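Written below as structure tokens is the structure these notes are about.
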Amino acid sequence: MKAGRTLLVGLALTLSHDAWAATPMSYLRTFGPAGYPVTRLGWGLGIISVSVVVIVGLLLLGGIFRRRGPRRLSDPNALAVRRDAGGMAWIYIGVGISSLVLIGAMIWTLVVTAVVAHPSSRPALTVQVSASQWWWALRYDTEQPSRTFTSANEIHIPVGQPVRFEVTSTDVIHSFWVPKLGGKIDVIPGQTNVTWLQADQPGVYRGQCAVFCGTEHARMALQVIAQSPADFRAWQESQLADAPRPATPEQQHGTRVFQSHCAACHTIRGSNAGGLVGPDLSHLMSRRTLAAGVLSNTPGNLAGWIVHPQSVKPGSRMPDQTLSGPQLAALMAYLQTLH
Amino acid sequence: MTRTETHRAPVIAQATDASPSSDTLRKNWEGPGGWRGWLSTVDHKEIGKRYLLTAFVFLLIGGLEAAVMRAQLATPDGHLLSAEQYAQLFTMHGVTMIFLYALPVLSGFSNYLWPLLLGSRDMAFPRLNAFSYWVFLFAGIFLYASFVMGKAPDDGWFNYVPYASREFNPGPNIDVYALGMVLLGVSTTVGSINFIVTLFRTRAPGMSINRVPILVWGTLTASVGNLFAVPAVSLAFLMLWMDRQLGTHFFDVSAGGQPLLWQHLFWMFGHPWVYAIVLPAMGIVSDGLPTFCRRPLVGYTAVALATVTTMVLGFGVWAHHMFATGLPVMSLSYFSASSMVIVIPSAVAVFAWIATIWTGRPVFTTAFLYFSSFVLLFVIGGVSGFMTASVPVDLELTHTYFVVAHLHYVLIGINVFPVVGGIYYWFPKITGRMMSERLGKWSFWIMFIGFNVGFFPMHILGLAGMPRRVYTYPSGLGWGSWNMVATLGSYLFAIGIAMFLVNVWISLKRGKAAGRNPWGAPSLEWSTSSPPPVYNFAVIPNVASRYPLWEGYMDDDEDTGGSTIHEGLLLDHGRETIGTTMLDAEPAVILKMPGDTYTPLLLALALTLLFVGLLAQAWWAVGAGVLLTLLATITWLWPQRKLSQIER
């Protein structure tokens with residue numbers, strides 16, 4: 001009894017807590033022009049839907065209680081049958097009104113579909129997103145090849161400008177989705193899908209893969225970090241730079257560990273490591289999370305992830321590493337210079 | 001009778017189950033009994049009951065799988081299940097509920113009821129009926145054999161490539177699914193053909209096409225739909241299996257194959273299939289509501305046409321499952337509009353049901369509670385479908401729990417609720433005993449509340465951005481407590497289902513005797529004994545109106561008929577029933593019906609052996625399977641003099 005009450009009280013508390021706490025994946029409010037008209041349409045259709053349910057519910061209740069039949073079937077009246085008297089007006093009127101609402105909703109839908117198909121101005125930049133089980137590779141394209149760079153899982157964009165996304169997959173189907181900025185686009189191998197997003201307010205917008213893509217589908221998150229254009233340019237410059245050379249003997253030891261254990265899969269620009277299977281780590285320390293949003297990027301998490309990725313994210317393509325204590329310490333010292 | 005009879009003027013007689021003529025009929029129709037009879041019967045009532053029972057067993061298995069998943073999702077970062085276990089569970093849950101429960105349970109109703117509704121003595125092809133059941137059973141066991149070995153299908157029921165290809169999914173998991181689905185498709189196809197021919201060939205004289213119950217319209221529509229839809233998915237699964245095992249490249253991206261081809265083929269099947277598993281259930285309600293509202297269904301013709309229209313439109317909307325795949329704006333707009341248009345036939349049915357309740361005098365039986373609450377659940381599932389039909393909104397909603405909520409309102413609201421209501425309605429006919437109304441009402445309220453508490457919050461979770469098919473989720477996204485509510489609600493729903501099953505169990509043994517027509521219902525099945533005799537009707541009734549047992553109660557011109565229930569064609573020279581013309585049901589031919597036989601079982605076993613051989617790549621088994629399939633087919637088709645049709 002007491003346990004039951006505790007559970008109920010706890011539930012009520014968490015419910016109200018959740019109701020007010022942030023829901024970073026909710027799209028009931030959006031923050032850019034790829035989302036605004038859709039959100040309005042969504043609310044509109046939602047209100048129509050709830051109204052329909054309420055009206056039908058009331059009609060049903062009215063119909064059920066308006067003229068009760070006999071309480072028991074043993075009642076001789078129970079078997080009395082009414083003649084087929086009318087009722088067709090219900091269908092004519094009901095279907096007539098439904099059709100009008102429907103046509104309105106359809107037109108609204110087609111208009112919004114056309115409006116959000118393309119941004120109103122030319123996109124400020126193009127980000128090529130290449131999804132793999134279970135992370136996102138990013139490539140910032142510009143006309144000058146020297147200013148192209150790659151990153152992973154965290155997409156920086158300038159506030160107030162539309163950004164074009166060209167998405168494709170190296171393996172299975174994924175779906176690229178940042179709910180607070182706009183709808184999904186499936187990420188399909190062998191084809192490049194295009195979408196656009198724009199953030200009108202600086203901030204961090206969470207995204208997540210939305211099509212089942214194998215064991216770790218649940219933990220394939222991404223983040224969009226919207227910055228003022230000046231901050232964005234600064235970030236861009238920092239990403240363009242090569243990784244710093246190791247300064248201390250320990251960091252130099254760390255590069256050798258990286259070379260022997262990590263470089264087959266990971267790139268660090270400005271070093272000999274040029275693997276293309278895993279994320280580009282040139283500026284690992286500038287990222288907020290590890291393993292596609294699974295861990296926050298702290299030294300402890302990083303060390304744990306390097307040694308035991310299979311317990312952090314079972315099934316991940318990254319194998320567990322056998323490193324001695326000094327090797328791990330050296331590797332960590334080196335990685336922590338990659339700002 | 002030494003020569004083959006080609007002409008006979010059948011005897012018209014007055015008879016009931018108590019008449020002496022019925023002893024002859026019983027002798028003609030009764031099988032050998034015992035385990036031999038059990039394995040060889042072709043009686044549609046036996047087969048119907050088996051379909052119902054087997055489908056409910058699969059419902060319970062699928063429900064247990066769901067219960068384990070809900071335990072995993074109740075709290076953030078749950079670790080009851082591994083990701084791979086969760087993937088197998090959600091895949092098998094979907095496969096079980098959609099393929100092994102939802103259609104088979106309706107086939108069970110239709111198999112049991114059709115000849116009784118139509119005034120016939122069996123389905124048009126009784127042996128095909130038995131074959132269809134056995135193949136369904138074996139395909140179900142085939143799919144579940146892999147589950148026991150821990151290698152169940154794990155790419156969702158939609159089974160998208162390339163994740164389903166050998167490169168990313170090398171185990172036997174997907175092969176089991178692919179072959180199992182092709183095997184199951186055989187069952188669905190022959191079952192559908194049987195329903196279609198039964199409807200157009202074996203209705204009682206006078207039961208013109210505008211007098212058949214809506215359940216018949218629903219199952220007919222579903223069957224025609226299946227005939228067009230199932231080939232797409234059988235083909236897709238065959239191509240996938242060939243990609244995986246024989247090195248073809250239909251879906252292989254590196255060789256120019258198309259992952260989207262799979263999605264098109266799958267949803268060209270998948271969407272009509274959704275209608276196939278709800279339209280007969282809607283028919284159950286359209287036929288049940290009038291009984292408990294004590295008046296004919298409002299708008300019979302409109303509802304029948306809406307049923308057919310829904311299916312026709314249902315073939316033009318498959319791409320609304322693919323709005324996010326990068327289709328051009330023009331096709332998005334078309335598929336969005338066509339999906340929305342389906343609201344119109346649905347609205348016809350909804351307002352017909354409401355009008356029937358409003359202008360009737362509702363009797364509050366348990367079955368009525370299920371049928372009337374179904375209308376509300378239908379509308380909730382309908383409007384959420386309307387929202388997802390809108391392309392731009394769907395690009396946010398799709399792949400989220402909003403769709404999970406939608407599809408459960410559709411499949412539980414429009415399939416499970418009418419099915420359980422239908423059991424309460426027809427249980428007296430099937431068993432001769434009434435179910436407990438008191439326990440029935442308790443089970444209804446617990447199911448209804450549990451269902452809504454369990455599944456409505458999934459709308460909210462979807463709006464809060466929770467994707468489908470995740471085995472876990474972090475805290476801090478606002479999903480935790482609603483998931484807890486959903487878990488608790490779904491467990492309550494499970495308790496309601498359990499109470500319903502307890503009610504069935506108790507009532508089987510201790511229910512009150514039902515009599516012929518305990519509900520004062522209008523259709524032919526209630527004119528015969530409960531349970532019906534093995535030959536269904538002592539004489540083939542003549543039907544002159546839509547509600548033959550209500551004639552004389554209604555003073556409506558059209559519906560006062562002159563149906564004769566206990567006077568009609570006797571047809572007692574062996575197993576016989578009458579064949580009638582397609583639209584007007586005028587008697588045309590005496591159909592000689594086959595006796596009990598093991599051939600359907602043997603053919604099903606041979607076919608299953610073939611598929612097991614393909615799965616194991618044991619080519620000797622494949623060869624044996626092909627050979628035995630041929631032999632069984634030849635045995636089946638071998639001409640029998642006693643089965644030649646007789647002109648009247």
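Annotations
- Boolean, residue B:98 is free of Cβ contacts under 8 Å to residues at least 12 places away in the same chain and out of contact with any Lys or Arg (no Cβ under 6 Å at 6 or more places or on another chain): no
- Taken over the range B:309-329, the criterion of being assigned to a helix (DSSP H, G or I) and either touching a Phe, Trp or Tyr at 6+ places or on another chain (Cβ under 7 Å) or within 10 Å of chain A (Cβ to nearest Cβ) (or both) is satisfied by B:310, B:311, B:314, B:318, B:319, B:320, B:321, B:323, B:324, B:325, B:329.
- Just one residue in the set B:267, B:318 is aromatic (Phe, Trp, Tyr), farther than 30 Å from residue B:428 by Cβ, surrounded by fewer than 24 Cβ atoms within 10 Å (Cβ to Cβ) and modelled with pLDDT under 95; that residue is B:318.
- Selected residue (criterion: surrounded by the most Cβ atoms within 10 Å (Cβ to Cβ)) from residues of the range A:235-294 that are acidic (Asp, Glu) and part of a loop (DSSP other than H, G, I, E, B): A:280
- Restricting the range A:109-127 to residues that are within 8 Å of another protein chain (Cβ to nearest Cβ) and out of contact with any Pro (no Cβ under 8 Å at 6 or more places or on another chain), the residue that is nearest to residue B:383 (Cα to Cα) is A:110.
- Test for residue B:451: is it modelled with pLDDT of 95 or more, in contact with a His (Cβ under 6 Å, 6 or more places away or on another chain), buried (at least 19 other Cβ atoms within 10 Å of the Cβ) and more than 9 Å from chain A (Cβ to nearest Cβ): no
- Leading residue by the ranking (nearest to residue B:337 (Cα to Cα)) among those in the range A:81-104 that are within 7 Å of chain B (Cβ to nearest Cβ) and aliphatic (A, V, I, L, M): A:102
- All told, residue B:286 meets the bar of being small (Gly, Ala, Ser), in contact with a Leu (Cβ under 7 Å, 6 or more places away or on another chain) and within 14 Å of chain A (Cβ to nearest Cβ).
- Applying the set (1) part of a helix (DSSP H, G or I); (2) farther than 26 Å from residue B:423 by Cβ; (3) not aliphatic (A, V, I, L, M) to residue B:19 leaves exactly one unmet item: (1).
- Within the range B:119-157, being modelled with pLDDT of 95 or more, in contact with a helix residue (DSSP H, G or I) (Cβ under 7 Å, 6 or more places away or on another chain) and of a type in the set (Ser, Thr, Tyr) holds for B:132, B:133.
Residues checked against (1) at the interface with chain A (Cβ under 10 Å from one of its Cβ atoms); (2) at pLDDT 95 or above; (3) more than 30 Å from residue B:585 (Cα to Cα); (4) assigned to a loop (DSSP other than H, G, I, E, B):
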{"position": "B:470", "(1), (2), (3), (4)": "yes, yes, yes, yes"}
{"position": "B:488", "(1), (2), (3), (4)": "yes, yes, yes, no"}
{"position": "B:519", "(1), (2), (3), (4)": "yes, no, no, yes"}
{"position": "B:525", "(1), (2), (3), (4)": "no, yes, no, no"}
{"position": "B:561", "(1), (2), (3), (4)": "no, no, no, yes"}
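- For the range B:53-79, a tally of residues being farther than 22 Å from residue B:485 by Cα and among the hydrophobic types (A, V, I, L, M, F, W, C) returns 7.
- Residue match in the range B:160-179 (condition: at pLDDT below 95 and among the aliphatic types (A, V, I, L, M)): yes
- Strands (runs of 3 or more DSSP E) wholly inside the range A:101-161 that include at least 3 residues being among the small types (Gly, Ala, Ser): A:125-132
- Residues being within 28 Å of residue B:523 (Cβ to Cβ) and among the aliphatic types (A, V, I, L, M) are represented in the range B:593-613 by at least one member.
- Residue under evaluation residue A:39, criteria (1) part of a helix (DSSP H, G or I); (2) within 7 Å of chain B (Cβ to nearest Cβ); (3) hydroxyl-bearing (Ser, Thr, Tyr), criterion not met: (2)
- Any pair with Cβ under 6 angstrom, 6 or more apart, that starts in the range B:30-45 at a residue that is outside any loop (DSSP other than H, G, I, E, B) and ends at one that is small (Gly, Ala, Ser) and surrounded by 13 or more Cβ atoms within 10 Å (Cβ to Cβ): B:37/B:31
- For the range B:216-259, a residue qualifies if it is more than 14 Å from chain A (Cβ to nearest Cβ), more than 32 Å from the chain's Cα centre (by Cα) and of a type in the set (A, V, I, L, M, F, W, C), and exactly one does: B:246.
- Failed condition for residue A:50, given (1) over 40 Å from the mean Cα position of the chain (by Cα); (2) modelled with pLDDT of 95 or more; (3) more than 7 Å from every other protein chain (Cβ to nearest Cβ): (1)
- Looking across B:624, B:544, B:616, B:588, one residue alone is of a type outside the set (Phe, Trp, Tyr), surrounded by fewer than 20 Cβ atoms within 10 Å (Cβ to Cβ), over 29 Å from residue B:49 (Cα atoms) and touching a helix residue (DSSP H, G or I) at 6+ places or on another chain (Cβ under 8 Å). It is B:624.
- Scanning the range A:182-206 for residues that are hydrophobic (A, V, I, L, M, F, W, C), more than 8 Å from chain B (Cβ to nearest Cβ) and either buried (at least 16 other Cβ atoms within 10 Å of the Cβ) or assigned to a loop (DSSP other than H, G, I, E, B) (or both) turns up A:187, A:196, A:197, A:199.
- Just so you know, in the range B:170-208 the residues that are free of Cβ contacts under 8 Å to residues at least 60 places away in the same chain and surrounded by fewer than 20 Cβ atoms within 10 Å (Cβ to Cβ) include one that is nearest to residue B:116 (Cα to Cα), and it is B:196.
- Hits in the range B:272-315 (condition: without any contact (Cβ under 8 Å) to a residue 60 or more places away in the chain, within 22 Å of the chain's Cα centre (by Cα) and surrounded by fewer than 21 Cβ atoms within 10 Å (Cβ to Cβ)): B:305, B:309, B:312, B:313
- When the criteria are applied in full, residue B:335 meets the requirement of being surrounded by fewer than 23 Cβ atoms within 10 Å (Cβ to Cβ), more than 10 Å from chain A (Cβ to nearest Cβ), in contact with a helix residue (DSSP H, G or I) (Cβ under 7 Å, 6 or more places away or on another chain) and over 22 Å from residue B:218 (Cα atoms).
- Any hit, the range A:142-156, residues being within 14 Å of chain B (Cβ to nearest Cβ), crowded, with 20+ Cβ neighbours inside 10 Å and at pLDDT 95 or above: no
The values are calculated or read from the model by the stated rules, or taken from the named source; none is laboratory data. Note that the structure is a prediction, hence the values are computed from the model and not measured. Glycine also receives a Cβ, built like all others from the backbone with ideal geometry; neighbour counts cover every protein chain displayed.
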